[in-house]
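Novice: One structure, as structure tokens, below. Some questions next.
The values are calculated or read from the model by the stated rules, or taken from the named source; none is laboratory data. Only a predicted model underlies this, so the values are computations on that prediction, with no experimental measurement involved. Note: ideal-geometry Cβ built from the backbone for every residue, glycine included; neighbour counts use all protein chains shown. Note: areas computed on protein heavy atoms with side chains; ligands, DNA, RNA excluded. Shrake-Rupley method; radii C 1.70, N 1.55, O 1.52, S 1.80 Å.
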Amino acid sequence: MISFWQALFLGILQGLTEFLPVSSSGHLVIFQSFFGIEEPVLLFDTCLHIGSLAAVFIFFWRDIWAILRRPVCKEMGLLIAGTIPVVIAGFLFQDNLEKLFSSVLAVCLALVITGTLLFISDRLEGRKQMKELSYPAALLVGCFQALALTPGLSRSGSTIFGSLLAGLDRKSAAKYSFLLSIPAILGATVLQFRDILKEGHSLILPFSYLVGTLAAAVVGFFAIKFLLKLLEKKNLKGFAYYCWTFAAISLIWLIFN
């Protein structure tokens with residue numbers, strides 16, 4: 001069973017790393033290994049995803065409401081196009097991807113790639129707004145999101161890189177990245193609930209799980225706000241150095257343990 005303090009720490013970690021471009025899945029794999037959490041924690045991971053989803057809904061509720069009020073619009077089409085690659089990749093490679101979640105080495109290598117993408121991102125600058133993005137370009141961004149199914153590859157970092165590469169300005173790149181996270185996180189949550197029901201887990205949540213969910217939501221909200229400000233200043237190199245350093249420290253820990 002995950003303790004109160006472990007749940008609080010992992011919830012804060014999820015809130016920070018889901019939206020800051022440093023890979024939430026990679027951090028959870030490494031820290032769960034550090035804590036020695038080996039039993040299935042599918043329900044807890046699902047709770048953390050729900051917390052992350054709540055943060056996006058609260059922060060971007062005006063944009064989300066505008067799209068839902070007029071669902072047949074360019075923005076909805078771009079979100080659908082950007083989601084198609086991750087759906088296909090998840091369906092085709094689910095078993096292979098799940099194996100990577102037990103490999104700290106694979107996560108460390110993916111973190112190095114994340115750092116490289118972030119380092120390059122500071123050199124990219126587009127001028128398009130989200131509604132000016134073409135559907136093929138949205139598919140390209142979606143392919144970067146599909147690659148980020150690999151633990152250690154940041155979803156937000158990959159999609160922001162892809163959006164900048166497709167010509168979006170920095171503010172629009174961040175907005176598209178975060179809105180694109182909604183169907184991705186929602187889809188993952190639905191699939192996890194399906195697995196939870198199949199395995200017959202109780203849906204009565206321990207208090208520690210609720211704490212982790214709330215922590216992920218609150219911290220995630222402020223992480224989004226923080227990243228938007230950093231993007232305007234073209235300051236992602238710090239995250240690149242962090243990813244490389246964290247990967248190196250984790251590799252050293254892996255070698256000696």
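Novice: Taking 8 Å as the Cα distance limit and 6 or more residues as the minimum spacing, I'd like the relative contact order of the stretch 60-212 as a percentage.
Specialist: 27 percent
Novice: How compact is the stretch 81-234 by the rule of thumb for globular proteins, expressed as Cα Rg over 2.2 N^0.38 Å?
Specialist: With N residues counted in the stretch 81-234, Rg over 2.2 N^0.38 Å equals 1.12.
Novice: Could I ask something else about it? Take the Cβ-Cβ distance between LYS99 and LEU197 as r, set R0 to 22 Å, and report the resulting FRET efficiency rounded to the nearest 0.05.
Specialist: My answer for the efficiency is 0.45.
Novice: For SER3 paired with ILE58, estimate the spin-label separation in nm (one decimal), with each label point 7 Å from Cα along the Cα-to-Cβ line.
Specialist: Each label point lies 7 Å from its Cα, and together they span 2.7 nm.
Novice: For helix 237-256, what angle does its Cα long axis make with the longest principal axis of the chain, in degrees from 0 to 90 and rounded to 10?
Specialist: Tilt of helix 237-256: around 20 degrees.
Novice: Still on this structure, I have one more. Could you work out the relative contact order of the chain, using alpha carbon pairs under 8 angstrom and six or more residues apart, expressed as a whole percent?
Specialist: In percent, rounded to a whole number, it is 39.
Novice: Roughly how large, in nm² to one decimal, is the mean projection of the convex hull of the alpha-carbon atoms in the stretch 160-223?
Specialist: 5.6 nm²
Novice: What per residue convex hull volume, in Å³, do the alpha-carbon atoms of the chain yield?
Specialist: 118 Å³
Novice: Okay, moving on. Report the trypsin sites (Lys or Arg not before Pro) located in the stretch 54-141 that are in a DSSP loop and have at most 12 other Cβ atoms inside 10 Å of their Cβ, or state none.
Specialist: Taking the stretch 54-141 and a limit of 12 other Cβ atoms within 10 Å, the loop trypsin sites (Lys or Arg not before Pro) found are ARG123, ARG127.
Novice: Suppose the Debye formula is applied to equal point scatterers at every Cα of the stretch 109-172; what is log10 I(q)/I(0) at q = 0.14, 0.27 Å⁻¹?
Specialist: Log10 of I(q)/I(0), two decimals: -0.36, -1.12.
Novice: Next question, about the same structure. Need the C-alpha centroid separation for the stretch 147-189 versus the stretch 35-101, integer Å.
Specialist: First find each Cα centre; the distance between them is then 10 Å.
Novice: Counting only protein heavy atoms and a 1.4 Å probe, tell me what percentage of the chain's accessible area is made up of carbon and sulfur.
Specialist: Percent of accessible area from carbon and sulfur atoms in the chain: 70.
Novice: A follow-up question, please. Which one of SER52, GLY238, PRO136 is farthest out on the positive end of the charge dipole of the chain, using unit charges on Cβ (Lys, Arg +1; Asp, Glu -1) and the Cα centre as origin?
Specialist: In the chain, that residue is PRO136.
Novice: So, one more: Within the stretch 13-28, what residues put their amide N at less than 15 Å from the label point 7 Å along the Cα-to-Cβ vector of ARG123?
Specialist: none
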